[in-house]
Every structure is written in C-alpha cells, then in structure tokens.
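Worksheet: one structure, shown below.
The values are calculated or read from the model by the stated rules, or taken from the named source; none is laboratory data. Since this is a predicted model, take the numbers as computed values, not measurements. No Cβ is skipped: glycine too gets one built from the backbone with ideal geometry, and neighbour counts run over all protein chains shown. These area figures cover heavy atoms from the full protein model, side chains too; ligands, DNA and RNA do not enter into them. Shrake-Rupley method; radii C 1.70, N 1.55, O 1.52, S 1.80 Å.
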Amino acid sequence: MSENSNQFLDALKKMQGVEVGDIVDVEVLDVEDGQIDVGVKDAGVEGVIPRREYTSDRNADLRKLVKPGDTFKALVLRRAGGDKENGEFFFSVTRLKEREAYDKLQKDFEAGKTIEGTVTSSVRGGLLVDVGTRGFLPASLISNRYVSDLKPYIGKTMKLKITEIDPNKNRLILSHKDLIEEEREEAFDKVASQLVVGDVIEGKVSRLTNFGAFVDVGGVDGLVHISEISYKHVDKPSDVLKTGQDVKVKVIGIDDDRHHISLSIKQTLPSPFEQATANLHEGDVFEGEVKSLTNFGAFVEVADGIQGLVHVSEISYKHVDKPSDVLKVGQTVKVKVLNIDPSERRISLSMKAVDSNNSGNEGSRPHRSHNRSSVNKKYMDNDDNGFALGDIIGDQLKDRK
C-alpha cells in the first residue's frame, strides 16, 4: 500500500461523526458580515456560527473578534439543509457558555454560595444581570427597602444569591435582598452581643423617615422613634436631624427575634424635670402660680412646664374641704419644697409649711411627717407634670358617693 493510501486511512480513522448537542472543536475558515464559517477539526464537517450565536452584541464587528485559523469549542445546534456530504451544521458559542455557566451556577445554588454579576439593563419589574449567562433580579429582591429607580444599578457589579434555577427553561432568578438579610443578621448578632439595655453609645444617622431616625451603631441600624428624639415635640425627624450627623444614643431595647435595636437620643440628655429642679432643693421657699385645682390639691408651677402638688392637707392648718374654696387658678402663692423625687419626676409642695416658718428661718429644712411622701405619691404619675388622670377621676368619684 502506498504512503498516500496510509495517510488517507489514518485521516478516516480520525474522522468522527457529529451529532446535534455535541461540543466540538472548530476552526475559523472565513469571517463574513453576519456569520463565521467554521470547520469541525478532524471530522470533515463544516458549518456556520451566526453573529447572535457568537456574541450578545448585535452590532459587533465579527472581523474584530475572530480571524481565520482561530480555534475554540462550540455547541452543535442543528443540521442545516443542503446537499453537502455529511450535511452542514449551525454552531453556537454563546449557548455553550450558557450551558457551562448553568452547570457552575447549579453547583453554586446547591452549595448556597454567593455569586457576582454585572447589571446589563433594566426591564419591567427588575434588572437583567450577566452571571456567565443572563439572570433576572426582580425589583422586590434588589434591597430590603423599596427601590423606585432601577437605572442607577445599570453597570454595577453586585453580590447575589440564586433563588431559582432551571436550565431547561433558561430560568435564573437572583436576589440581592437575601444576601442583605443574611449579612444584617450576622452583623446584628455581633453588635447585639456587645450591647446591653442602658448602654450609651455613639452613632451616625443613616436614614430619616416620618416615624423616626435610623442610627448606625457599629454596622447595624437601630431605630430612634420620633418620640425618643427630643423632650420637645418633633413634627418631623428631618426638622432636628440630618443624615450623616453624629449622635449620642441610649440603648432602650434589643429584640433578638426581630433583629431590632431601639434607641433614644433624648434619654442621653437632661430631662426638662432635671433641668428645672437642678437648683431646687427640699426646704426651698418660692412663689409660684396655681395652674389647676382638683379635689385632692393644687398644682403650682415650679418652672416652665413643670408643676408640683400642694396636697389639700398642705394648703392650710385649717381644715379645707376643697382647694377651690381657698384658691383660684392664676393666683400666686408662696410654697415650700417638701420632697423632690427625680426617678418618679414628682415634686411635693406645702403652703402651710411656709406659714409655720414665718417667724423662724425660712431656709431651714423642716421635718416631714412620715406619711406625706406616700400621700403625694398616690396622686402622681410618671409624666413631667406628674399626675395620673385615673387617680384624679377616681378621687372625684369617691367624693360623689
């Protein structure tokens, strides 16, 4: 047998059949405007790769991407009509990359791994993301907060979790929100383990809402409810706070189940009661205005917005049935401080103690009867004015019996 015959037989042995779905090595034979002509190495089979099956860029110049002689792997898509021996095939590079990408993504999904992808465009309801193949990121899974504008995300590389994958349906659903929640839980556990209720710490205002301010305390946002911003009334948090502002906050609650930290700004500051009574002491005598009258006593203004109680038994040494029998709202009276309770924000006053000391040293500290504190405490509540409406109504009902 001649040398040429041997070479021919060797070539035949190397030739392999080509089937749809095969992954084959191809060599570029020619590059045209809309397709690449290729031949399957060692198979004697030729075919084409349309532009869309080589790149997702519909305007790409194929001549700048490949040249004759280049070799790479491609997926056999289908057989084309024609009279050529062994037929002619269509090949795809993009679908091969998608298949390989899906294989890897499936493994990442089963292992619960985090992947990265680049946002290529926005569509109705979400974003399209390139993760080796095209995935869909629904708007509701972009963040743990509502996202109204999708455009700023285009071109960004994001860390993502796979929530659903089906290669047969070319379906890949992604989530960035799940990753945020996982990271938030880890950060919460770390920060919460270092905090206890009552701690006063430094933080930075990260976000303002109508109902309060979120403050970053070590990588975790805690909520300062609008009622905990100031002792004064606040209409909107943005009226008194700014994003990025450094603030001192007190930890007033930690909810491990909800991963929620409650904070207070106002509790790091002196309360109006503390400010008003800073220079007030038991035994001090001063003049104040009667602000209101009840069956059990008279409320006298100690400072702006702060009132103390003159119990009915402390109005006069003479028997007083009702405070309104001897006092009027708006009347100025001289009173003596019997007791100041900072923890309960209560001030007990006496008018008759002033009268009993007119001939003596007005500044001396009197001995208080053993039951005065308990009598006054009965009628006082925890707000700055110090008295419960329920107790007032209760006493009035008793008087009517």
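Using a Förster distance of 30 angstrom, determine the FRET efficiency expected from the C-beta separation of LYS113 and THR209, and round it to 0.05.
The computed FRET efficiency comes out at 0.30.
Quick one: the Cα spread of the stretch 35-190 along its three principal axes, in angstroms, biggest first?
Here the Cα extents, ordered largest to smallest, are 67, 32, 25 Å.
Grab the beta carbon distance between ALA278 and VAL196, set R0 = 30 Å, and tell me the FRET efficiency rounded to 0.05.
0.60
Kindly identify the stretch 99-165 as rounded, prolate or oblate by the Cα gyration tensor criterion: order the square roots of the eigenvalues as a ≥ b ≥ c, call it rounded if a/c is under 1.5, otherwise compare a/b with b/c, prolate if a/b is larger, else oblate.
Taking the square roots of the gyration eigenvalues as a ≥ b ≥ c, the stretch 99-165 is prolate.
How would GLU19, GLU182 line up by accessible area, probe 1.4 Å, largest first?
Largest accessible area first, the residues go GLU19, GLU182.
According to a simple spin-label model (label point 7 Å from Cα along Cα-to-Cβ), what is the distance in nm between HIS233 and PHE286?
2.5 nm
Would you list TYR231, TYR54, TYR146 from the most to the least accessible area, probe 1.4 Å?
Descending accessible area places them as TYR146, TYR231, TYR54.
At ASP42 and GLU100, where each label point lies 7 Å from the Cα along Cα→Cβ, what is the point-to-point distance in nanometres?
Distance between the two pseudo-spin positions: 1.9 nm.
To the nearest 0.05, how large is the calculated FRET efficiency for ILE23 and SER148 if R₀ is 51 Å and r is the Cβ-Cβ distance?
With R0 = 51 Å, the Cβ-Cβ based efficiency is 0.70.
Pop out the ³J(HN,Hα) list for the stretch 155-172 in order, Karplus 6.51 cos²θ - 1.76 cosθ + 1.60 with θ = phi - 60°, rounded to Hz; leave Gly and Pro as x.
x, 7, 9, 10, 7, 9, 10, 8, 9, 7, 9, 8, x, 5, 9, 6, 10, 9
From the Cα trace of the stretch 178-248, what convex hull volume per residue do you get, rounded to a whole Å³?
94 Å³
Once all Cα-Cα distances of the stretch 253-304 are split into 10 Å bins that start at 0, what whole-number percent is in each one?
18, 30, 23, 16, 12, 1
Rounded to a whole number, what is D in µm²/s for the stretch 16-59 from Stokes-Einstein with the Kirkwood radius over alpha-carbon pairs (37 °C, 0.692 mPa s)?
D, rounded to a whole number, is 292 µm²/s.
In whole angstrom, how long is each semi-axis of the equivalent ellipsoid of the stretch 252-355, when you take the square root of 5 times every eigenvalue of its Cα gyration tensor and sort them from largest down?
Computed over the stretch 252-355, the values are 35, 15, 12 Å.
Send over the semi-axes of the stretch 150-286's equivalent ellipsoid, whole angstrom and largest first, taken as the square roots of 5 times the C-alpha gyration tensor eigenvalues.
Semi-axes, largest first: 43, 17, 11 Å.
How many nm is it between the label spots at LYS64 and HIS260, if each spot is 7 Å from the Cα in line with the beta carbon?
5.6 nm
Convert each backbone phi in the stretch 90-102 into a coupling constant with the Karplus relation 6.51 cos²θ - 1.76 cosθ + 1.60 (shift: θ = phi - 60°), then list the ³J(HN,Hα) values in order as whole Hz, x for Gly and Pro.
For the stretch 90-102, the Karplus-derived couplings read 9, 10, 9, 9, 4, 6, 5, 5, 5, 4, 5, 5, 5 Hz, x marking Gly and Pro.
Of all accessible surface on the stretch 128-263 at a 1.4 Å probe, what whole percent is carbon and sulfur?
46 percent
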